[in-house]
1. Of the residues SER112, SER69, which single one is surrounded by fewer than 15 Cβ atoms within 10 Å (Cβ to Cβ) and small (Gly, Ala, Ser)?
2. List the helices (runs of 4 or more DSSP H) inside segment 106-196, counting only whole elements, that have at least 2 residues being in the same structural domain as ILE212 (by TED's automatic domain parsing).
3. Condition test on ALA78, is it crowded, with 18+ Cβ neighbours inside 10 Å and at pLDDT below 95?
4. Please work out which residue is farthest from the chain's Cα centre (by Cα), limiting yourself to segment 143-196 and to residues that are of a type in the set (D, E, K, R) and more than 24 Å from ARG114 (Cα to Cα).
5. Scan segment 55-79 for residues that are among the hydroxyl-bearing types (Ser, Thr, Tyr) and either outside any strand (DSSP E or B) or not assigned by TED's automatic domain parsing to the domain that holds SER20 (or both) and jot them down.
6. Please work out which residue is farthest from TYR230 (Cα to Cα), limiting yourself to segment 247-266 and to residues that are of a type in the set (A, V, I, L, M, F, W, C) and buried (at least 16 other Cβ atoms within 10 Å of the Cβ).
7. Test of understanding: among VAL239, VAL210, VAL218, VAL235, which residue is assigned to a strand (DSSP E or B), farther than 25 Å from ALA26 by Cβ and modelled with pLDDT of 90 or more?
8. Looking at (1) surrounded by 12 or more Cβ atoms within 10 Å (Cβ to Cβ); (2) within 25 Å of the chain's Cα centre (by Cα), find the lone condition where GLY91 falls short.
Amino acid sequence: MHMNTSPTQATISVSHLAKSFGQAQAVHDVSFEVQRGEIFGLLGPNGAGKTTTIRMILDIFKPDRGEISVLGGPITDAKKEKIGYLPEERGLYKDLKVEECVLYLAELKGLSRRTARERATAYFEQLDLSAHKSKKVNDLSKGMQQKVQVITTLIHQPEVVIIDEPFSGLDPINTRLIQDMLMKERQRGTTVIMSTHQMHQVEEMCDRIVLINKGDSVLYGGVDEIRRRYADNAVRVTVRGDLPDFPDVMETSRKGNEHTLHLPKGMPPQSILRQLADAPDITVEAFELAIPTLDDIFVRVVSEK
């Protein structure tokens, strides 16, 4: 975990934000902090208030109430230069050639043409775009346009990257490439805020998350800690052979050779492992605590509210 919990270290701090548009309250009460050098997940169903929250952090909207601190205080034009933002509604100059488009946007962010070209060449190489850099943006597939967008977001080496649905339209190979790029950014000490619906990506990549639902932050903390907090006393067992009868187990469900056993409160999972080890004619292939996925938790929290 890349975390420094001292409040003075937070790269971004959001406290009790609220924002309405006419009668519609987009954000009601949202609070969270993002630490330097972590990948932070901003999660929630459609219409929960995620994009409005991002736009308030970027000073596109002013909050009706609440406090926002970015890089140690209020947002300024100088600080905006240190942020790379990739919105969900993408914006590239469709009629420009790919390389011209990237260089132009990099120069707008203060890079010299020479530095921009060096970095762009390295990115094109890394993302398998070198053969396409003279094509018009419009002639690229959605997935390739997405990769160009990511380059324009990162090319000026921002301190903070805010990226909305980074993997939309990408196949598994390109998803992995973008994942690796964001992980490298974190290693450099960049703070990455990632808003996405893809929970398995969040589980793989994020240090901490906030879940926003109906304009409120309803779940906040470390990914592992949240998953453990929502865990029942259950184990997942994969065996070859017939599972023995466990008199104390409350409920058993099965998928193929994988069994989930729900244990009474206070019963140590190790006791099941011991009984399995002693059972004749079976081979234990896997044994683990049945910790819920973020998907399960997301559905549970959102439907409870």
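The values are calculated or read from the model by the stated rules, or taken from the named source; none is laboratory data. Since the structure is predicted, the reported quantities are computational estimates derived from the model, not experimental observations. Because the Cβ atoms are built from the backbone with ideal geometry, glycine has one as well, and the counts that use them run over all protein chains shown.
1. Details: SER69 fails: surrounded by fewer than 15 Cβ atoms within 10 Å (Cβ to Cβ).
Just a single option satisfies the conditions, and that option is SER112.
2. Working: elements: 113-126, 142-154, 172-187.
It comes to 172-187.
3. Details: crowded, with 18+ Cβ neighbours inside 10 Å: no; at pLDDT below 95: yes.
No.
4. Across segment 143-196, the extreme among qualifying residues is ASP171.
5. First, pick out the residues of segment 55-79 that are among the hydroxyl-bearing types (Ser, Thr, Tyr): 69, 76.
Of everything in segment 55-79, just one residue is among the hydroxyl-bearing types (Ser, Thr, Tyr) and either outside any strand (DSSP E or B) or not assigned by TED's automatic domain parsing to the domain that holds SER20 (or both), namely THR76.
6. Here is the first cut: in segment 247-266, the ones of a type in the set (A, V, I, L, M, F, W, C) are 249-250, 261, 263.
Restricting the remaining residues to those that are buried (at least 16 other Cβ atoms within 10 Å of the Cβ) gives 249, 261, 263.
Numbers: VAL249: 19, LEU261: 16, LEU263: 15 Å.
If we take residues in segment 247-266 being of a type in the set (A, V, I, L, M, F, W, C) and buried (at least 16 other Cβ atoms within 10 Å of the Cβ), then VAL249 is farthest from TYR230 (Cα to Cα).
7. Details: VAL239 fails: modelled with pLDDT of 90 or more; VAL210 fails: farther than 25 Å from ALA26 by Cβ; VAL218 fails: farther than 25 Å from ALA26 by Cβ.
Exactly one residue qualifies, and that residue is VAL235.
8. (1)
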